[in-house]
Each structure stands twice: as C-alpha cells, then as structure tokens.
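Read through the structure below, which is laid out as structure tokens, and then see the notes.
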Amino acid sequence: MATLADPQPDFAILPDMAADVFTAPLARPAHVGEDWLEPAQTDYSADDHAVWDDLSARQMELLPGRACSAFMAGLEKLDLSRGGIPEFGKLSEELGALTGWSVVPVPMLIPDHVFFWHLANRRFPAGNFIRTRETFDYIQEPDVFHDVFGHVPMLTDPTYADYMQEYGRAGWKAMRYNRLKALGALYWYTVEFGLIEEAGEVRAYGAGILSGPTEARFAVEAESPNRIMLNVDRVMRTDYVISDLQPAYFVIESFADLYRQTVERDFDRLYRSLPAGFTYANSAVIDVDNVLHRGTQEYHLRGGRGSGALPV
Ligand SMILES: [Fe+2]
C-alpha cells in the first residue's frame, strides 16, 4: 500500500496514515469499507423527495443574479431541478461525460485523507441522507441537498473540476506538513463560501452560499461582511466560523485565476512559513487586502445567530 509520505503518482491507492499524522478521529461505521463508500444510494421516500423539491424551489427563486453563471449553467446541464433527489448513477454518467467526475454516496463526514483520495480520483463524496422538515433551514452535517445541489453543478466547469482534483492531491502535502487547518481555510473560503467577479458584480460559486437561502443574500449583498479579493497566502492564515454566516468573503477574478494562485505554485515553501494556528481573525482587514467592500460587521456585533440579529 502507498504511504502518506510516498503516495502513488496517480493516487489510485488509498495511502496508509503514519501514526504521527494528525487527522480528526472518526469511527468508521461497520457497513462501509476503507473507502467509506455506502454500498448503495439510500432509497428515499416520497417525503424525502418532496423536501428536495421544496429546498430546490426556494433556491431557484433566489439564485438568478446571485449565483455565478458557471453554477447556473451546471444546474441546467445536469437538469438538477427536474424533481426529486437525483439518482447518483445517472448523475455521474452525465457529469462524467462533461468533466470525468462522478458522485458517490458516503454516510457522514469522512476522514480527511479518504476525502482527499476521492477528490484526487475525481469522485465527489455526497451525504447519503437528506434533512427533515424540522431541520429544513439549517443542518450542521452536509446532506445530499447541500452536497449535490450546492457542489455538483460547479463540477461541470472544466477549470473548477481540475481545481477540485488538485485540491485533493494537495491534501497529502498539507498532512505531511501538519498544515491541514490552513488548507481547510482555503477550502472554506473558496469551495464553500467563494465569490467571483462577473460583469462588474460579485456572484457566488461556494456551495455553502448556494445551498442556503440566508447566506445566498447575505454573501452577495449585505452590508455586514467584508468582501476582499482572494490572496491565498492570507486566506490560509485566516480563521473561519462553521456555525454562522461569514464575517468575510473572498472574491476571485476567474476560475483560471483561482487555479493559478493555488495549483500552479509550490506550497512547500508556504507550508514551511505558515504557523500551525491562524494569524488573522475572520473579520480582520489587513494592509495587503484589496478590499471590494469593507463590511459594517453589524450582524456579528449584534450577536449573530441565536441573538435574533438580522442578517443585514
Ligand atoms: Fe460542502
């Protein structure tokens, strides 16, 4: 078996973890193998499909003018609003014909190295469950709606699809240097909460924005959050919140620019210079920032989620 220090060049084999590599310990359910893949996609009930349809209809009201054109085109190409939770076999066939990616079901958040391994092989792991009516507006664990509706349309864009594969490959390097937090921040501020400049406006390409109604408005047009042009070295030093709206969003010029800033550079030197923890608070504006919008931070100053503060 390949080891973490010496992964297979084509990343075909899941690498062994050295004992001194830090990753979050997760207990593997008995019914999944080393690859953490579910034996089959869940057989969803009519109610489950109706939850998908209602979530999808709500987002479709909000996303035109807020989501980037690559996302809207991806939704259309994969016909994700055709009704019901997509069947992964058919979805993977269509996505595979476009960019060679497939979508595979996993039971829960999976260990980092397994997640990286799937991405490096152009497989996107998606939660094999859907939220209920009780958790309709907010769930902590990503479900099939977040993963498929939020992430998969972007995988129809060839440059973005390549970025995601390279992100998976980059994971091993981050683990070797014990800089997973830094790489996690990059994922957070691009794949989950990224904005892009389009026709003189900012639009969303991050799945955390595109799969939620409040964040879709807040990220793009609220006064509270900072909107800053993406600088990878700075973003990898920046803390982030996972349970509330973001105090800052980072904006790319294009997916080619994102690819250039990340894949086409040598991260070894960066990892050697990065501290193990974060340097900047998530609301900070620093000297090197190219600021598009300096936020008021009103939402977070009023207490954020749970305080009843309006996402203004
Ligand atoms: Fe996600």
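A few comments on the model shown:
- Considered as a group, the residues in the stretch 188-203 that are surrounded by fewer than 22 Cβ atoms within 10 Å (Cβ to Cβ) and not acidic (Asp, Glu) include one that is nearest to the ligand (Cβ to nearest atom), and that residue is Val191.
- From the list Pro39, Pro25, the lone residue that is modelled with pLDDT under 95 and assigned to a loop (DSSP other than H, G, I, E, B) is Pro25.
- Going through (1) surrounded by 10 or more Cβ atoms within 10 Å (Cβ to Cβ); (2) more than 23 Å from the chain's Cα centre (by Cα); (3) at pLDDT 70 or above; (4) over 18 Å from Pro111 (Cα atoms) one by one, Ala18 falls short only on (4).
- Qualifying residue in the stretch 139-158 (condition: surrounded by fewer than 16 Cβ atoms within 10 Å (Cβ to Cβ) and away from the ligand (no atom under 16 Å from the Cβ)): yes
- The set of residues in the stretch 204-215 being more than 17 Å from Ala248 (Cβ to Cβ) and away from the ligand (no atom under 14 Å from the Cβ) consists of Pro213 alone.
- Scanning the stretch 292-311 for residues that are surrounded by 13 or more Cβ atoms within 10 Å (Cβ to Cβ) and not in a helix (DSSP H, G or I) yields a count of 11.
- A Cβ distance below 7 Å, combined with a sequence gap of six or more or placement on separate chains, defines the contacts here; from the stretch 136-151, residues that are under 23 Å from Tyr163 (Cβ atoms) and acidic (Asp, Glu) reach residues that are within 11 Å of the ligand (Cβ to nearest atom) and at pLDDT 90 or above in the pairs Asp147/Ala126; Asp147/Gly127.
- Taken over the stretch 172-184, the residue count meeting the criterion of being within 16 Å of the ligand (Cβ to nearest atom) and surrounded by 22 or more Cβ atoms within 10 Å (Cβ to Cβ) is 1.
- The set of residues from the stretch 123-138 being away from the ligand (no atom under 15 Å from the Cβ) and among the β-branched types (Val, Ile, Thr) comprises Thr132, Thr135.
- Against the list (1) more than 24 Å from Arg260 (Cα to Cα); (2) surrounded by 16 or more Cβ atoms within 10 Å (Cβ to Cβ); (3) modelled with pLDDT of 95 or more; (4) not hydroxyl-bearing (Ser, Thr, Tyr), the condition Glu221 fails is (2).
- The lone exception for Ala120 - which of (1) buried (at least 22 other Cβ atoms within 10 Å of the Cβ); (2) within 14 Å of the ligand (Cβ to nearest atom) it fails: (2)
- Given (1) surrounded by fewer than 13 Cβ atoms within 10 Å (Cβ to Cβ); (2) of a type in the set (Asp, Glu); (3) under 25 Å from the mean Cα position of the chain (by Cα), index of the condition Asp287 fails: (3)
The values are calculated or read from the model by the stated rules, or taken from the named source; none is laboratory data. Note that the structure is a prediction, hence the values are computed from the model and not measured. Cβ atoms come from the backbone with ideal geometry, glycine included; neighbour counts cover every protein chain shown.
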